[in-house]
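Read the structure below first, then the notes.
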Amino acid sequence: MTVIDDPLTIAEDWQRQGRDVAIATVIETWGSAPRPTGSHLVIDGEGNFEGSVSGGCVEGAVITEALDVIASGAPRMLEFGVADETAWRVGLSCGGRIRVYVERLAA
Amino acid sequence: MKLALLEKLNAARRARQAVVQIVSLDGGEGLVIVEGEATPDAFAEAVQSAFLSGKAGNVDVEGRPFFINAYLPPPRILAIGAVHITQALAKLAPVAGYDISIIDPRTAFATPERFEGIDLVADWPEDVLRERPLDAYTALVAVTHDPKIDDFPLADALRKGCFYVGALGSRKTHAKRVERLTALGLSSTEIDRIKAPIGLDIGAASPAEIAVAILAEVIAAYRCRSLASPVAQAGAAQ
């Protein structure tokens with residue numbers, strides 16, 4: 001919880017170390033969502049990550065998308081929910097829906 | 001997001017300043033606004049609301065989608081009294097995400113052995129609080145039971161708008177405290193904010209149980225605060 005080792009501080013450190021970094025942010029939630037709007041997951045080009053955007057349900061999918069965002073530089077909006085087939089597959093079992101914005105950290 | 005914006009955001013958070021980030025969701029430039037800085041007119045209302053509530057949200061400005069994220073300083077606890085209760089509180093607070101510091105001028109109490117790994121200052125609160133001022137995002141927990149030590153930080157916490165102010169002592173002890181604080185020029189509205197007896201009423205008996213009751217009361221004060229609370233007002237006025 002301390003500011004020192006939170007995802008955004010880690011993202012800055014990673015970038016300084018010359019690593020490629022993407023920041024994923026929960027933009028919107030509906031129903032029961034485990035992490036509030038504004039929560040961050042940060043990912044580096046190797047797939048290392050810190051933070052969370054759900055209770056662990058969709059992080060895998062977000063990391064995969066983040067690697068594409070790092071490669072292309074183009075931000076993406078992701079949506080996960082029980083009504084969504086992808087979400088069933090990746091398992092947002094809490095019954096909520098979330099929208100996650102993924103962008104690359106630019107120099 | 002540009003690295004320079006992230007650096008500004010992180011620097012503000014390290015300095016315990018409230019900060020808002022505006023993210024353009026259609027590929028435009030973002031913005032980071034530290035509390036007190038000028039806000040573009042089109043965003044003024046949304047940014048002000050984010051500073052007050054600490055909540056993130058979406059807003060359309062001139063037909064374009066933006067996400068507004070708010071970062072309020074993490075709430076922390078400042079405890080007056082290196083006593084048995086705060087030995088337990090110092091272990092519990094970090095688990096709930098609260099940084100804690102302990103001040104006690106009595107060097108027999110404030111020993112590193114009793115508070116291993118804890119931010120402990122063996123000095124008078126008057127001196128310490130000059131160097132490390134209280135703010136609206138700090139909870140003040142006064143548990144020395146000694147007016148010479150507790151009164152100054154209690155009065156200071158009420159004036160600085162700390163989101164929680166609690167003091168150990170029976171109702172009788174507290175009645176005398178109210179008289180002393182009134183004599184110091186504090187209003188009854190201010191003094192009424194002091195939680196005394198301290199801690200949620202869970203029938204706590206041991207020092208550790210009292211620490212749990214205090215921490216629960218601190219969490220309740222933070223999470224249940226309204227926009228009209230001193231935290232929001234002091235935050236908005238900074």
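Test of understanding: among B:Ala38, B:Ala82, B:Ala108, B:Ala50, which residue is within 11 Å of chain A (Cβ to nearest Cβ) and either open to solvent by less than 20 Å² (accessible area, probe 1.4 Å) or part of a loop (DSSP other than H, G, I, E, B) (or both)? Steps first, answer last, please.
Numbers: B:Ala38 fails: within 11 Å of chain A (Cβ to nearest Cβ); B:Ala82 fails: within 11 Å of chain A (Cβ to nearest Cβ); B:Ala108 fails: within 11 Å of chain A (Cβ to nearest Cβ).
Step by step, each of B:Ala38, B:Ala82, B:Ala108, B:Ala50 is checked, and only B:Ala50 is within 11 Å of chain A (Cβ to nearest Cβ) and either open to solvent by less than 20 Å² (accessible area, probe 1.4 Å) or part of a loop (DSSP other than H, G, I, E, B) (or both).
Of the residues making up the range B:53-69, those that are aliphatic (A, V, I, L, M) and closer than 20 Å to B:Lys8 by Cα are B:Ala56, B:Ile68.
Residue check: is B:Thr189 over 28 Å from B:Tyr98 (Cα atoms) and assigned to a helix (DSSP H, G or I)?
Details: over 28 Å from B:Tyr98 (Cα atoms): no; assigned to a helix (DSSP H, G or I): yes.
Spelling it out, it is not the case that B:Thr189 is over 28 Å from B:Tyr98 (Cα atoms) and assigned to a helix (DSSP H, G or I).
Considering each residue of the range A:14-25, count those that are surrounded by 14 or more Cβ atoms within 10 Å (Cβ to Cβ) and more than 8 Å from chain B (Cβ to nearest Cβ), and give that number. So the answer is 6. Once the range A:34-65 is narrowed to residues that are open to solvent by less than 30 Å² (accessible area, probe 1.4 Å) and within 13 Å of chain B (Cβ to nearest Cβ), the residue that is nearest to A:Ile98 (Cα to Cα) is A:Val53.
Among the residues that make up the range A:18-34, is at least one of them at pLDDT 95 or above and among the basic types (Lys, Arg)? Scanning the range A:18-34, I find at least one residue that is at pLDDT 95 or above and among the basic types (Lys, Arg), so the answer is yes.
Test B:Val32 against the criterion of being modelled with pLDDT of 95 or more and either over 17 Å from B:Asp150 (Cα atoms) or within 14 Å of chain A (Cβ to nearest Cβ) (or both), and give yes or no. Can you show your working first?
Numbers: modelled with pLDDT of 95 or more: yes; either over 17 Å from B:Asp150 (Cα atoms) or within 14 Å of chain A (Cβ to nearest Cβ) (or both): yes.
Against the criterion (modelled with pLDDT of 95 or more and either over 17 Å from B:Asp150 (Cα atoms) or within 14 Å of chain A (Cβ to nearest Cβ) (or both)), B:Val32 qualifies.
Restricting the range B:7-25 to residues that are assigned to a helix (DSSP H, G or I) and without any contact (Cβ under 8 Å) to a residue 12 or more places away in the chain leaves a set whose member that is farthest from the other protein chains (Cβ to nearest Cβ) is B:Ala11.
For the residues B:Glu179, B:Glu190, B:Glu126, the requirement of being crowded, with 18+ Cβ neighbours inside 10 Å and modelled with pLDDT of 95 or more singles out B:Glu190. Under the condition of being at positive phi and modelled with pLDDT of 95 or more, the residues counted in the range B:80-116 number 1. Restricted to the range A:66-100, and to residues there that are within 13 Å of chain B (Cβ to nearest Cβ) and out of contact with any Lys or Arg (no Cβ under 9 Å at 6 or more places or on another chain), the residue that is modelled with the highest pLDDT is A:Arg76.
The values are calculated or read from the model by the stated rules, or taken from the named source; none is laboratory data. These numbers come from a predicted model, not from an experiment. With ideal geometry, Cβ positions are generated from the backbone for all residues, glycine too; neighbour counts draw on all protein chains shown. The area values use the complete protein model at the heavy-atom level, side chains included, leaving out ligands, DNA and RNA. Shrake-Rupley method; radii C 1.70, N 1.55, O 1.52, S 1.80 Å.
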